[in-house]
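Trainee: Before I ask anything, let me first share the structure, which is written out below as structure tokens.
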Amino acid sequence: MVIIPFELFFSEIGNWWGKNPFIHAPNSKEHEIDIVAFGVDKNQILLGECKWKNASVGHDVIHLLEERSHFFHRSSTELILFSKQGFSQECLRVAKEKEVRLVEFKDMI
């Protein structure tokens, strides 16, 4: 696994629930992002997903997080995935290609 160093200092960290700001239908679905962290100048953002299941995380999670990143208009966006059980080979490939950070539970303890 490739470790990409962080160059972002956070001013606010939390999670986010909300509707796609580009769809104005009253019955549009809610979306969730597990981790939202803003840089000091608010032009940088880190978005993350945490998957706590007994299976490898697939590349679809990267694509979903990437889609949701468009809800926020920032000059710099970093994506990170956390997984209890690791990542599929396809997820590893896509993450390397798109420079998405991947963190397994075993790497946190």
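Trainee: Would a scan of the stretch 72-88 turn up a residue that is assigned to a helix (DSSP H, G or I) and touching a residue at least 24 places away in the same chain (Cβ under 8 Å)?
Mentor: The answer is no, given that none of the residues of the stretch 72-88 is assigned to a helix (DSSP H, G or I) and touching a residue at least 24 places away in the same chain (Cβ under 8 Å).
Trainee: With the requirement that a residue be out of contact with any Leu (no Cβ under 6 Å at 6 or more places or on another chain) and hydrophobic (A, V, I, L, M, F, W, C), what does the stretch 62-107 give you?
Mentor: Passing the criteria: Ile62, Leu64, Phe71, Phe72, Ile80, Phe82, Cys91, Leu92, Val94, Val103, Phe105.
Trainee: Ok, one more. Any residue in the stretch 36-44 that is assigned to a helix (DSSP H, G or I) and either at pLDDT below 95 or not aliphatic (A, V, I, L, M) (or both)?
Mentor: Within the stretch 36-44, the first condition is being assigned to a helix (DSSP H, G or I), and the residues that meet it are none.
No; the residues of the stretch 36-44 include none that is assigned to a helix (DSSP H, G or I) and either at pLDDT below 95 or not aliphatic (A, V, I, L, M) (or both).
Trainee: Do we find a residue being at pLDDT below 95, under 14 Å from the mean Cα position of the chain (by Cα) and of a type in the set (Asp, Glu) anywhere in the stretch 75-84?
Mentor: Taking every residue of the stretch 75-84 in turn, at least one turns out to be at pLDDT below 95, under 14 Å from the mean Cα position of the chain (by Cα) and of a type in the set (Asp, Glu).
Trainee: Does any residue in the stretch 30-46 that is over 11 Å from Ser11 (Cα atoms) and among the acidic types (Asp, Glu) come within less than 9 Å, Cβ to Cβ, of a residue that is part of a strand (DSSP E or B) and at pLDDT below 90 six or more places away or on a different chain, and which pairs are these?
Mentor: Matching pairs, first to second residue: Glu30/Gly18; Glu30/Lys19; Glu32/Gly18.
Trainee: One residue is enough: does the stretch 55-66 have a residue meeting the conditions part of a strand (DSSP E or B) and either at pLDDT 95 or above or over 14 Å from the mean Cα position of the chain (by Cα) (or both)?
Mentor: Looking for residues that are part of a strand (DSSP E or B) and either at pLDDT 95 or above or over 14 Å from the mean Cα position of the chain (by Cα) (or both), one finds at least one in the stretch 55-66, hence yes.
Rundown of residues vs (1) touching a Cys at 6+ places or on another chain (Cβ under 6 Å); (2) crowded, with 17+ Cβ neighbours inside 10 Å; (3) of a type in the set (Gly, Ala, Ser), yes/no style:
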residue: Ser11; (1), (2), (3): no, no, yes
residue: Pro21; (1), (2), (3): no, no, no
residue: Pro26; (1), (2), (3): no, no, no
residue: Asp34; (1), (2), (3): yes, no, no
residue: Gln44; (1), (2), (3): no, yes, no
residue: Ala55; (1), (2), (3): no, no, yes
residue: His70; (1), (2), (3): no, no, no
residue: Thr77; (1), (2), (3): no, no, no
residue: Val100; (1), (2), (3): no, yes, no
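The values are calculated or read from the model by the stated rules, or taken from the named source; none is laboratory data. Every value quoted in this text rests on a predicted model; they were computed, and no experiment measured them. Cβ sites come from the backbone with ideal geometry, for glycine too, and all protein chains shown count toward neighbours.
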